[in-house]
Amino acid sequence: MNVLEQYHGRGRGSAEIAASIEAGVRDGRLGPGAHLPTVRDLAADLGVSPATVAAAYAALRRRGVVTSGGRRGTRVADRPPLPVRPALPLPAGVHDLASGSPDPRLLPPVGAVLSRLDLGPRLYDERPNLPALVETASAQLAGDGVPAGPVAVVSGAMDGVERVLAAELRPGDRVAVEDPGYPHVYDLLAVLGLVTEPVRLDGGGALPGDLERALARGAAAFVLTPRAQNPTGAALGVERAAELRQVLDGHRGTLVVEDDHAGTVAGAPYRSLCQDRARWAVVRSVAKALGPDLRVAVVTGDPDTVGRVEGRQLLGPGWVSHVLQGIVAELWADPATAGALDRAAAAYAGRRASLVAALARHGIAGQGDSGLNVWVPVPEEAGTVALLLEAGWAVAAGERYRLRSGPAVRVTVSTLRDAAEADRLAATLAAARTPRRRTRSA
């Protein structure tokens, strides 16, 4: 198969070539991570100049469809900003520990609050944010030590992070990010034309020395998850938070963006780095605690940043549905919700602890101090994922979550049934980590 057939490149101009590759990504012929040919090879196959292909690749990079990594060449982004074909369904009987979703049995019931909502018509000239929601969110954030600031309502955590970064940064700016970290953040930075500066972390969060180096290299912002870090479950402790604040104190102009995606079910206290900063934002989502379909998050921060977020929002969607805001406000005000969230946090903590302890009995150091996930180092990801799938478990390969850190798999523990299942999973993981002996052919 020649380059043209394999990579579906078509056209004579850079725009046509870029469009044909993008179509291949969109319809699934070019999957995430697929390597594209070199500029010279594709130019020769299409009969165009290398400059034309280089311009096509550059356009795709600017849109976040492809990435370039030096010797790694050009490849399709792990999560291109396109409506790609959904992944194939898991085989029957496989336990999904890969999705990152909360346990639906632990989500507070929404039906009971619907009867209490004012479902009358909402018109264009009304307040975009429900006062009851803003008031409760402000009280929650203050209770967690987050500095006082205006509150905006957005459509989920990543919507909030994107709006903050787009309001405050410009293409070419460097952004310090956790490594391992959330791949949606990496992909978002690529789409916005921002440059990642990896910051390693351990169970206590980002390493201060790595953050100092990233800031010294000119990082204009630091995006972090103070608890329930995805994928590692890291959570900032008192000492680590103080060390990171000390590093940031030497870079007063740096924008700090905190993503509290798990909220009250994280199972760890919230420790913010935003005190006494000029530019900052905290994004708190309800997706893990109340349900992913409630596309609601609140953003607080310095007045300039929040004002820019709301101003840009008014030019687009205008506001988040008052029905969704009302559901969240009612759930937060319901005493039964607090009990449900406490039970969920305890359940997730128990499931994390069961798996980490089971892994330790096999000599494996799993990491999962908070949140819904446990991060398990492995010698090789693809083979481990495949062997676990054969045994009836689906886990996420770590490649999409890593920039420079070592191989691992992410296990979402939210639906682990009991300690016995955690023991079986740990035993299978241990077996998958052991190289299979090769038999000599006759």
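Okay, here's what the table says:
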{"read-out": "Index of the failed condition, ALA349 passing every other in (1) out of contact with any helix residue (DSSP H, G or I) (no Cβ under 7 Å at 6 or more places or on another chain); (2) open to solvent by 40 Å² or more (accessible area, probe 1.4 Å); (3) more than 16 Å from ALA98 (Cα to Cα); (4) in a helix (DSSP H, G or I)", "value": "(2)"}
{"read-out": "One residue from LEU273, LEU290 being touching a helix residue (DSSP H, G or I) at 6+ places or on another chain (Cβ under 6 Å), at pLDDT 95 or above and farther than 17 Å from ALA157 by Cα", "value": "LEU273"}
{"read-out": "Of all residues making up the stretch 263-285, the number that are touching a strand residue (DSSP E or B) at 6+ places or on another chain (Cβ under 7 Å), closer than 18 Å to LEU372 by Cα and assigned to a loop (DSSP other than H, G, I, E, B)", "value": "1"}
{"read-out": "Among residues of the stretch 30-66, those that are hydrophobic (A, V, I, L, M, F, W, C) and touching a strand residue (DSSP E or B) at 6+ places or on another chain (Cβ under 6 Å), counted", "value": "5"}
{"read-out": "Test: residue in the stretch 140-153 that is open to solvent by 40 Å² or more (accessible area, probe 1.4 Å) and under 14 Å from ALA329 (Cα atoms)", "value": "yes"}
{"read-out": "Any hit, the stretch 81-95, residues being open to solvent by less than 40 Å² (accessible area, probe 1.4 Å), within 21 Å of the chain's Cα centre (by Cα) and under 30 Å from ILE21 (Cα atoms)", "value": "yes"}
{"read-out": "Filtered residue count, the stretch 378-395, keeping only those that are within 17 Å of GLY233 (Cβ to Cβ) and modelled with pLDDT under 95", "value": "0"}
{"read-out": "The lone exception for ARG79 - which of (1) touching a residue at least 40 places away in the same chain (Cβ under 8 Å); (2) farther than 30 Å from SER414 by Cα it fails", "value": "(2)"}
{"read-out": "Options PRO198, PRO183: the member that is of a type outside the set (Gly, Ala, Ser), modelled with pLDDT of 95 or more and open to solvent by less than 50 Å² (accessible area, probe 1.4 Å)", "value": "PRO198"}
{"read-out": "Residue in the stretch 352-362 that is in contact (Cβ under 8 Å) with a residue 24 or more places away in the chain and open to solvent by 60 Å² or more (accessible area, probe 1.4 Å) present", "value": "yes"}
{"read-out": "Any hit, the stretch 384-393, residues being of a type outside the set (A, V, I, L, M), without any contact (Cβ under 8 Å) to a residue 60 or more places away in the chain and farther than 30 Å from LEU188 by Cα", "value": "yes"}
{"read-out": "Verdict on GLU421 being open to solvent by 60 Å² or more (accessible area, probe 1.4 Å) and either farther than 26 Å from GLY263 by Cα or in contact (Cβ under 8 Å) with a residue 24 or more places away in the chain (or both)", "value": "no"}
{"read-out": "Residue check, GLY311 out of contact with any Lys or Arg (no Cβ under 6 Å at 6 or more places or on another chain) and at pLDDT below 95", "value": "no"}
{"read-out": "Odd one out for ARG174, checked against (1) open to solvent by less than 50 Å² (accessible area, probe 1.4 Å); (2) without any contact (Cβ under 8 Å) to a residue 60 or more places away in the chain; (3) closer than 29 Å to PRO208 by Cα; (4) not polar (S, T, N, Q)", "value": "(1)"}
{"read-out": "Enumeration of residues in the stretch 216-239 that are surrounded by fewer than 22 Cβ atoms within 10 Å (Cβ to Cβ) and either within 14 Å of the chain's Cα centre (by Cα) or part of a helix (DSSP H, G or I) (or both)", "value": "ALA216, VAL238, GLU239"}
{"read-out": "Of all residues making up the stretch 311-342, the number that are more than 24 Å from ARG116 (Cα to Cα) and in contact with a helix residue (DSSP H, G or I) (Cβ under 9 Å, 6 or more places away or on another chain)", "value": "3"}
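The values are calculated or read from the model by the stated rules, or taken from the named source; none is laboratory data. Predicted model only: the values in this text are computed from it and were never measured. Every residue, glycine among them, receives a Cβ derived from its backbone with ideal geometry; neighbour counts consider all protein chains shown. In case anyone asks, the SASA skips ligands and DNA or RNA and just uses the protein heavy atoms, side chains included. Shrake-Rupley method; radii C 1.70, N 1.55, O 1.52, S 1.80 Å.
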